[in-house]
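In what follows, a single structure is set out as structure tokens and then discussed.
The values are calculated or read from the model by the stated rules, or taken from the named source; none is laboratory data. Since we're looking at a predicted model, the values are computed, not measured. When we count neighbours, we look across all protein chains shown, and the Cβ atoms used for this are built from the backbone with ideal geometry, even at glycine. SASA here: full protein model, heavy atoms, side chains in, ligands and nucleic acids out. Shrake-Rupley method; radii C 1.70, N 1.55, O 1.52, S 1.80 Å.
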Amino acid sequence: CDTAREFARREVAPKAKELDETGRYPKEIIAQLAEMGFMGMMVPTEYGGAGLDAISYVIAMEEISAGCASTGVIMSVNNSLSCYPLQAFGSEEQKQKYLVPLASGKKLGCFALSEPANGSDAGALRTIAKREGDHYILNGTKNFITNGREAETCILFATVDAAKGNKAITAFILEKGMPGFTVGKLEDKLGINASSTAQLHLENVKVPVANRL
């Protein structure tokens, strides 16, 4: 608690105005948070995290967010929506390949559920994942994705059988740079501008079966 509060007052709060006005991603602050173990606070130490409990995470989040809301959002999404699904449901191979870099802050994650036509109604999503041999081919668009511009790892939801509705929705792990996986428009927001909110486009993105979460 004291560490987070002091860091927020010393390093985060003084830059908050500039970050919000310019929309600049606070790369240097995120790097410092990573060094302190704040990017994977509840992840066990063997997977690169700090091995702390939820109360510690919430307290740290409050302190960082009090200094800069944008920084708090970036930190929160990496902890809660990127690290946790991998920690809870990932295979050992997935944890070593993706969770360790995220929890240690070497990479940044995002969580892609919302879509332009259905918001956060997961049961109505239209992104399709079609199995072809040892890969899935993904097509669709995701909307309002926090960290979408900067994230190097993405937990993304798609249906493997549209006829089955929400019973066929599956999570996949995508990597920045996969052919056909691109960042679209950025939202022009009223605040929290240093945290990007982006569209993500998928056009015949080839994702290994091993990346099905």
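At-a-glance table
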read-out	value
Value of relative contact order over segment 160-213, rounded to a whole percent, pairs C-alpha under 8 Å and six or more apart	41
Chain lengthening between Lys27 and Glu187 when straightened (0.36 nm per residue, less Cα-Cα)	55.6 nm
R0 of 30 Å, Cβ-Cβ distance Ser91-Ile59: FRET efficiency to nearest 0.05	0.45
Mean projection area, nm², convex hull over Cα of segment 47-89	3.0
Where labels lie 7 Å past Cα in the beta-carbon direction, separation of Lys164 and Lys206 in nm	2.5
Assigned charges on the beta-carbon of Lys, Arg, Asp, Glu; the chain dipole about Cα centre (debye)	500
Solvent accessible area, Å² - Asp188, 1.4 Å probe, full protein context	150
Cut-off under 5 Å, modelled amide H: who pairs with His135 long-range	Val209
Amide H contacts under 5 Å for Gly184, placed H, 5+ residues apart	Gln199, Leu200, His201
Spread of Cα-to-Cα distances over 10 Å intervals beginning at zero, given as percent, for segment 44-182	11, 38, 35, 14, 1
Relative contact order of the chain, defined on C-alpha pairs under 8 angstrom at six or more residues apart (%)	20
